[in-house]
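First comes the structure, then the notes that go with it.
Here, each number is a calculation from the coordinates, and none is a lab measurement. Everything numeric in this text was worked out from a predicted model, so none of it was measured. Cβ coordinates were reconstructed from backbone atoms using ideal geometry, including for glycine residues, and neighbour counts include every protein chain displayed.
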Ligand SMILES: [Zn+2]
């Protein structure tokens, strides 16, 4: 029997234990303080005791201080599986925190008491992100149990605070520890498709802007005495449409293949009809292809604002609400090839590389220079009531991860 077949048998023999770990983790809700919870500490204790039991201890803790939670710490856990002396570390990063269950009446069972129905595990967090978390734990444990040697050092990283911004999660680990190195590679199994055939390697840059247009308020019957900020702001919204023409590069990795510039939120101005508004506020959501220069985009936006100021006699202030960009991971990066081979072996599908318009935590690792892929085989019901995961996906993904670790 070859080592791949031995690994497959070993992982599938752990089915009951994997389900038990899912149950134990579901029973300790880890909600961040912004979501009204006490953080991830209790869940981390459960996980650490399992890691010890499975031979993956002792773990390293990179906790982030946070006065809002009991104990004052948001835990980030690192379990190391030594490998061959090939440079760099292979990271598998998953998150411990969950989102609240939402409306209780939409749940058919207690979200924190896991239920098994056929091949489904049901409960808050079982898919997002415990399916992958448990899969990574048992991938590492089975490799150790069989005495196999990963191609390079493997580190399983279990982070806090993924659902509410990652400041106390991966961002803290990146800034507070010296564990990461540009020779590393990373798998973030926190998004995917039901066929397991999409490997996310790139994200559009995110630019969220707030526009504050200031004119002069007056009675609407004497508009010549004021400067109408709403009218100027409306012209500004229309002129910003020129961004789509100016930045029209395409990249078929993404869907849609272009940068997008979308006016979204509009704040209320005056409450009554007979006052000419002296201030107007709206927002623009931009998702810019990595190949475009974000500086050129903000420069063009300022130029358009200047033209509105000149034509309407208003002031336009532009505030950055969010700005994030990360270099794409090459479709030819070794992590992509390794993962694609493992997926083909386990699921019999040919995975394609894609880019997305939304943001994931993978972007923080890419921004740190680490080639990163986001992949898993999931039913995509994260954050929904009656969240479930398929045991078959948990087992299969565990084998994919183990094969990727072995390289
Ligand atoms: Zn998630």
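Placing pseudo-labels 7 Å out from each Cα toward the beta carbon at residue 344 and residue 235 gives an inter-label distance of 5.9 nm. With a ≥ b ≥ c taken as the square roots of the eigenvalues of the C-alpha gyration tensor of segment 1-126, please select rounded if a/c is under 1.5 and otherwise prolate if a/b is larger than b/c or oblate if it is not? Oblate shape, in that a/c is at least 1.5 and b/c is the bigger or equal ratio.
Overall shape: oblate for segment 337-407, with the ratio a/c of the largest to smallest alpha carbon gyration tensor axis at 1.5 or above and b/c at least equal to a/b.
Each Cα pair under 8 Å and six or more residues apart adds its separation to the average, and for segment 320-407 the resulting relative contact order is 36 percent. Put in line by how crowded their Cβ is, counting other Cβ atoms within 10 Å and starting with the fewest, 279, 163 read 279, 163. Taking the chain as a Gaussian network of alpha-carbon nodes connected by springs under 10 Å, the highest mean-square fluctuation of the residues 13, 330, 177 belongs to 177. Ordered by the number of other Cβ atoms lying within 10 Å of each residue's own Cβ, fewest first, 89, 360, 372 fall into the sequence 360, 89, 372. Model label sites at residue 195 and residue 266, defined 7 Å from Cα along the beta-carbon direction, differ in position by 4.1 nm. Under a Gaussian network description of the chain, with springs only between Cα atoms under 10 Å, the residue in 294, 25, 133 that fluctuates furthest is 294.
Can you give the relative contact order of the chain as a percent, counting alpha carbon pairs under 8 Å and 6+ residues apart? Relative contact order here is 24 percent.
Under the simplified labelling scheme, the residue 61-residue 222 pair shows an inter-label distance of 6.9 nm, with each label point 7 Å from Cα along Cα→Cβ. Among 228, 274, 393, which one shows the biggest mean-square fluctuation in a GNM of the chain, springs joining Cα atoms closer than 10 Å? Per the Cα network of the chain with a 10 Å cutoff, 274 tops the list. With neighbours defined as other Cβ atoms within 10 Å of a residue's Cβ, the residues 94, 222 order from fewest to most as 222, 94. On the basis of the beta-carbon distance and an R0 of 22 Å, residue 104 and residue 42 show a calculated FRET efficiency of 0.55. Applying 1/(1 + (r/R0)^6) with r as the Cβ-Cβ distance of residue 320 and residue 120 and R0 = 35 angstrom yields a FRET efficiency of 0.25. Please state the relative contact order of segment 52-164 as a whole percent: Cα pairs under 8 Å, 6+ residues apart? Dividing the mean separation by the residue count of segment 52-164 yields 41 percent.
Please label the shape of segment 100-182 as rounded, prolate or oblate, based on the square roots a ≥ b ≥ c of the eigenvalues of the alpha-carbon gyration tensor (a/c under 1.5 means rounded; beyond that, a/b larger than b/c means prolate, else oblate). Verdict is oblate for segment 100-182.
Each DSSP beta bridge with both residues in the chain is either parallel or antiparallel, and the antiparallel ones are about 70%.
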